[in-house]
Amino acid sequence: MKLPKPEAGAFWGGLAAMLVALPSAIAFGVTIYSPLGASYAAQGALAGILGVTALGLIAPALGGTNRLITAPCAPAAAVLAAFALESMHNGGDLPTVILMLSVLGLTAGLLQIFFGTVRLGRLIEYMPYPVVSGYLSGVGLYIIAAQVPKLLGAPKGMHFWESLAAPGLWKWQGMIVGAVTIVVMLGAPRVTKLVPAAILGLLAGVLAYFGLGLADPVLLTLEGNSFVVGSLGGGGSFTDAMTSRWHAMSGIGFEQIMHIAVPALTLAVLLSIDTLKTCVVLDALTRSRHKSNRELIAQGLGNVASAVIGGIPGAGTMGATLVNISSGAMSRYSGIFEGVLALIAFLLLGAFISWVPVAALAAILIVIGVRMIDRHSFQFLKQRSTMLDFAVIAAVVVTALTISLIAASGVGIILAVFLFIREQIGGTVVRHKVRCNETFSKRVRTHEEMEILVAHGERGIVVELQGSLFFGTTNQLYSALEPELKTRDYIILDMRRVQSVDVTAAHMLDQVKDMLAERQGFLIFSQLPQNLPSGRDMQQYFDQVGLVRPESPVRVFGELDEALEWVEDRILKDAICELGEQEALALNEIELFKGRKADTLAALEQNMEKRSYKAGDKIFKRGDFGDELFLIRKGAVRIMLPLSEKQSHHLGTFGRGAFFGEMAFLDGDVRSADAVVFSDAELYVLSRKTFDTVAEEHKKLALGLMEGLASVLASRLRYTNTELRVLES
């Protein structure tokens with residue numbers, strides 16, 4: 001029966017992926033179990049095959065990431081091998097160590113399920129590159145160091161340097177097999193890409209071994225042969241071994257659980273990073289989008305299933321996934337085919353696997369380890385700005401090689417925090433500074449008031465902050481504010497771009513407030529974020545730490561414009577005592593008509609309407625027809641641009657002596673915004689029809705009014721241009 005094209009692509013992709021994943025999985029299994037003794041190599045190979053099968057069947061079925069191949073991987077082999085070696089050195093008995101390897105994989109899988117459930121998938125993706133690079137390079141070097149003695153045929157328990165220093169113990173047969181495997185594995189891609197290089201290398205190693213066996217018949221004996229994996233055992237013995245293994249669970253106590261806690265967490269994080277890194281690359285290649293948390297849960301379930309049946313854990317692997325894509329796979333079914341085909345291969349080729357040379361598997365792992373080393377990281381040494389990143393990579397690598405991979409994970413986490421702090425300290429927390437005679441509120445002032453603000457506005461300054469205010473940036477922030485404390489009476493901190501604030505920064509701001517208070521100055525906050533990324537309400541936090549109290553010289557405003565208006569009012573109040581006077585202005589006191597003849601103004605006033613409004617009244621709304629010019633005798637009016645039924649944008653505030661509505665007065669078009677009374681107001685109202693009537697008799701008055709309108713509007717435009725130039729600088 002001919003398969004439909006999508007299923008055919010999934011089958012061939014799964015077959016190719018299995019051919020890549022299976023030899024590596026067998027090698028990983030042998031590596032993990034080799035510290036237990038040479039006789040356990042076959043059990044390790046079986047664990048690798050079972051891992052490919054369980055992960056291939058469970059992870060793709062539940063994960064939903066198309067084309068992703070999940071299989072045992074190098075980080076899992078490195079962590080489990082280190083755990084097995086440490087356990088044996090500490091005097092652990094073989095059944096318990098084997099059981100703890102399964103419990104370790106099981107716990108790591110459960111942790112991955114937890115990561116996905118609490119939605120840590122996106123967070124794990126953001127692990128700093130130097131930490132990941134250093135750890136993977138450390139894993140690569142660790143694998144090389146562990147496999148070189150096997151390649152050389154050194155006795156069990158001999159480490160890397162010891163094996164190199166004892167050439168008399170080397171076994172030339174294994175070295176030849178390993179060398180042939182490496183040469184073919186490296187050269188195969190230049191000849192053909194139809195068959196994975198690992199498969200060709202393994203076949204070449206097996207053929208070389210049997211070729212040597214023709215000259216030395218001892219090599220063709222399976223029993224007691226340390227050169228090959230050995231018999232995998234029958235199904236009954238495997239079932240009995242699994243049953244006895246899980247019956248031994250009752251002997252695990254709290255001490256054993258604590259012993260695997262850190263390795264399990266390390267393994268869970270590494271497997272998660274490996275998977276999500278592969279998913280990110282897969283998204284880029286296929287223009288798709290994976291679901292990181294769902295994938296973590298699926299990977300965790302796959303690792304739990306693998307541990308339950310005695311397999312080794314794994315992750316989404318880059319090599320097998322790329323082979324899967326190039327073979328025409330389009331869906332997640334290719335991953336399921338990979339698991340099924342791995343099981344079939346085990347059932348059909350079990351006898352062949354028994355004859356796989358250990359040196360050939362060691363050679364495959366050495367090539368994998370070399371490829372894991374991030375050689376591009378040496379580029380960081382060329383730039384002074386990236387030398388610290390290289391130092392982080394080196395520190396993780398050295399820790400992995402000299403202490404343990406588990407210790408390297410702790411170093412990596414600490415350095416990740418350090419890198420974050422360094423990044424935060426490296427950036428400036430002060431985005432912009434501007435004096436209050438260079439930027440102004442939306443309150444429309446008279447010409448005289450604007451001149452006062454330009455002359456005395458240097459008493460205030462707006463400091464726009466950004467990023468995180470914490471112990472690492474507190475000194476930087478204080479250094480930026482210190483010069484202003486000596487010359488400013490009002491410091492406005494624009495907090496809209498601030499991401500976080502800690503107690504150290506809050507304490508420093510409290511000191512700034514006290515310094516300003518000694519000079520009768522004020523610390524002013526504007527736009528305090530209510531929902532920081534941490535979920536904290538900044539104003540509530542400032543209240544809790546005692547920074548904002550009713551009696552303290554601290555003011556908080558919802559908008560920067562409100563803070564600027566408050567500062568401007570205080571500057572004007574100090575400069576002109578009559579600012580607070582609330583008596584209604586006469587017509588000749590309004591700036592637009594100053595210097596006009598009394599009889600002319602009297603004639604105009606007789607044709608003008610006087611109106612009174614209460615705070616909150618709407619004088620007109622957007623879209624209304626009207627040609628009136630409004631002059632404010634008392635109170636204040638805000639011009640608001642409606643954005644929706646519940647939201648408006650504040651365009652400007654007009655106070656005593658100012659005018660508004662000039663656009664409709666000049667062009668006769670509908671109103672472009674709403675006019676809302678901010679405080680009880682008394683107005684002069686001059687319609688265009690009335691003005692035209694008066695203009696026929698008082699032409700100079702009409703001309704003067706138009707010139708006055710033009711002059712005030714030009715003045716407003718000049719101040720706006722000044723603000724724009726400051727913002728651009």
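The values are calculated or read from the model by the stated rules, or taken from the named source; none is laboratory data. This structure is a prediction, so every number in the text was calculated from the model and none was measured. Cβ: placed from backbone, ideal geometry, glycine included. Neighbour counts: every protein chain shown.
Of the residues Gln476, Gln544, which is out of contact with any Ser or Thr (no Cβ under 8 Å at 6 or more places or on another chain) and more than 30 Å from Met640 (Cβ to Cβ)? Please lay out each step first, then the result.
On the way: Gln476 fails: out of contact with any Ser or Thr (no Cβ under 8 Å at 6 or more places or on another chain).
Step by step, each of Gln476, Gln544 is checked, and only Gln544 is out of contact with any Ser or Thr (no Cβ under 8 Å at 6 or more places or on another chain) and more than 30 Å from Met640 (Cβ to Cβ).
Looking at Thr53, Thr96, Thr65, which one is under 33 Å from the mean Cα position of the chain (by Cα) and in the same structural domain as Ile366 (by TED's automatic domain parsing)? Don't jump to the end; show me each part of the working.
Numbers: Thr53 fails: under 33 Å from the mean Cα position of the chain (by Cα); Thr96 fails: under 33 Å from the mean Cα position of the chain (by Cα).
Result of the check over Thr53, Thr96, Thr65: Thr65.
Quick check on the stretch 455-468. Is at least one of its residues within 22 Å of Phe654 (Cα to Cα) and not small (Gly, Ala, Ser)? Before the answer, list the steps.
Of the residues in the stretch 455-468, the ones within 22 Å of Phe654 (Cα to Cα) are 455-457, 460.
Retained after the next criterion (residues that are not small (Gly, Ala, Ser)): 456.
Within the stretch 455-468 (the criterion being within 22 Å of Phe654 (Cα to Cα) and not small (Gly, Ala, Ser)), the answer is yes, since at least one residue qualifies.
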Taking the stretch 457-475 and keeping only residues that are under 27 Å from the mean Cα position of the chain (by Cα), buried (at least 18 other Cβ atoms within 10 Å of the Cβ), not small (Gly, Ala, Ser) and not in a loop (DSSP other than H, G, I, E, B), one is left with Glu464, Leu465, Leu469, Thr474
In the stretch 482-502, anything among the hydrophobic types (A, V, I, L, M, F, W, C) and either crowded, with 22+ Cβ neighbours inside 10 Å or assigned to a strand (DSSP E or B) (or both) is listed as Ile491, Ile492, Leu493, Met495, Val498, Val501
Those helices (runs of 4 or more DSSP H) completely within the stretch 106-216 that have 1 or more residues that are among the acidic types (Asp, Glu) are 121-125, 160-164
Note on the stretch 540-560: residues surrounded by fewer than 17 Cβ atoms within 10 Å (Cβ to Cβ) and in a helix (DSSP H, G or I) are Gln540, Asp543, Gln544
So, first residue in contact (Cβ under 8 Å) with a residue 40 or more places away in the chain and among the small types (Gly, Ala, Ser) in the stretch 455-466, second residue assigned to a helix (DSSP H, G or I) and buried (at least 18 other Cβ atoms within 10 Å of the Cβ), Cβ within less than 9 Å, six or more apart or across chains; the pairs are Gly457/Val567; Gly457/Glu568; Gly457/Ile571; Gly460/Leu564; Gly460/Val567; Gly460/Glu568; Gly460/Ile571
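If you take the residues in the stretch 345-381 that are of a type outside the set (D, E, K, R) and not in a helix (DSSP H, G or I), which one is farthest from Val218 (Cα to Cα)?
Taking the stretch 345-381 as the starting set, the residues that turn out to be of a type outside the set (D, E, K, R) are 345-370, 372-373, 376-381.
Pick out the ones that are also not in a helix (DSSP H, G or I) and you get 355-357, 373.
Values: Trp355: 13, Val356: 15, Pro357: 14, Ile373: 38 Å.
So, considering only residues that are of a type outside the set (D, E, K, R) and not in a helix (DSSP H, G or I), the one farthest from Val218 (Cα to Cα) is Ile373.
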If we ask which residues in the stretch 45-90 are within 13 Å of Ile309 (Cα to Cα) and without any contact (Cβ under 8 Å) to a residue 60 or more places away in the chain, their number turns out to be 0
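Of these, Ala165, Ala154, Ala188, which one is out of contact with any helix residue (DSSP H, G or I) (no Cβ under 7 Å at 6 or more places or on another chain), small (Gly, Ala, Ser) and in the same structural domain as Phe227 (by TED's automatic domain parsing)? Outline the logic, then answer.
On the way: Ala154 fails: out of contact with any helix residue (DSSP H, G or I) (no Cβ under 7 Å at 6 or more places or on another chain); Ala188 fails: out of contact with any helix residue (DSSP H, G or I) (no Cβ under 7 Å at 6 or more places or on another chain).
One residue alone meets the criteria, Ala165.
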Leu341 vs (1) free of Cβ contacts under 8 Å to residues at least 40 places away in the same chain; (2) under 25 Å from Gly316 (Cα atoms): all pass except (1)
The lone condition Arg294 fails out of (1) in a helix (DSSP H, G or I); (2) within 28 Å of Gln147 (Cβ to Cβ) is (2)
- Determine whether the stretch 509-520 contains at least one residue that is surrounded by 14 or more Cβ atoms within 10 Å (Cβ to Cβ), closer than 30 Å to Asp692 by Cα and over 38 Å from the mean Cα position of the chain (by Cα). no
Out of (1) under 27 Å from His649 (Cβ atoms); (2) in a helix (DSSP H, G or I); (3) modelled with pLDDT under 90, the one Ala563 does not meet is (3)
Out of (1) farther than 30 Å from Val206 by Cβ; (2) buried (at least 20 other Cβ atoms within 10 Å of the Cβ); (3) more than 29 Å from the chain's Cα centre (by Cα), the one Gly310 does not meet is (1)
With criteria (1) more than 15 Å from Pro60 (Cβ to Cβ); (2) surrounded by fewer than 20 Cβ atoms within 10 Å (Cβ to Cβ); (3) among the aliphatic types (A, V, I, L, M), Leu271 comes up short on (2)
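Being at pLDDT below 85, surrounded by fewer than 16 Cβ atoms within 10 Å (Cβ to Cβ) and outside any strand (DSSP E or B) is true for just one of Ala408, Ala391. Which residue is that? Spell out the reasoning first.
Details: Ala408 fails: surrounded by fewer than 16 Cβ atoms within 10 Å (Cβ to Cβ).
Matching residue, one of Ala408, Ala391: Ala391.
Condition check: aliphatic (A, V, I, L, M), out of contact with any Pro (no Cβ under 7 Å at 6 or more places or on another chain) and outside any loop (DSSP other than H, G, I, E, B). Does Leu415 satisfy that?
Working: aliphatic (A, V, I, L, M): yes; out of contact with any Pro (no Cβ under 7 Å at 6 or more places or on another chain): yes; outside any loop (DSSP other than H, G, I, E, B): yes.
Yes, satisfied.
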Checked Val463, Val444, Val503 against criteria (under 20 Å from Leu523 (Cβ atoms), hydrophobic (A, V, I, L, M, F, W, C) and at pLDDT below 90); the one match is Val503
By residue number, the members of the stretch 423-454 that are assigned to a helix (DSSP H, G or I) and free of Cβ contacts under 8 Å to residues at least 24 places away in the same chain are Glu423, Gly426, Glu451, Val454
Within the stretch 260-277, the residues that are modelled with pLDDT of 80 or more and farther than 17 Å from Ala400 by Cβ are Ile260, Ala261, Ala264, Ala268, Ser272, Thr275, Leu276
Take the conditions in the same structural domain as Asn324 (by TED's automatic domain parsing) and in contact with a strand residue (DSSP E or B) (Cβ under 9 Å, 6 or more places away or on another chain) and apply them to Phe11. Does it pass? no
Taking the stretch 149-172 and keeping residues buried (at least 20 other Cβ atoms within 10 Å of the Cβ) and touching a residue at least 40 places away in the same chain (Cβ under 8 Å) leaves Lys150, Leu151, Gly153
**OP:** Would you check if there is a residue in the stretch 38-57 being outside any helix (DSSP H, G or I) and surrounded by fewer than 24 Cβ atoms within 10 Å (Cβ to Cβ)?
**Re:** no
Filtering the stretch 518-537 for residues that are modelled with pLDDT under 90, under 27 Å from Arg459 (Cα atoms) and among the aliphatic types (A, V, I, L, M) leaves a count of 1
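Restricting to the stretch 1-37, and then to whatever is outside any helix (DSSP H, G or I) and either basic (Lys, Arg) or over 28 Å from Leu101 (Cα atoms) (or both), can you tell me which residue is modelled with the lowest pLDDT? I'd like the intermediate steps shown before the answer.
From the stretch 1-37, those outside any helix (DSSP H, G or I) are 1-4, 37; that's our starting set.
Adding the requirement that they be either basic (Lys, Arg) or over 28 Å from Leu101 (Cα atoms) (or both) leaves 1-4.
Working: Met1: 42, Lys2: 47, Leu3: 45, Pro4: 45.
Here the answer is Met1.
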Taking the stretch 639-653 and the residues there that are surrounded by 10 or more Cβ atoms within 10 Å (Cβ to Cβ) and polar (S, T, N, Q), the one that is nearest to the chain's Cα centre (by Cα) would be Ser648
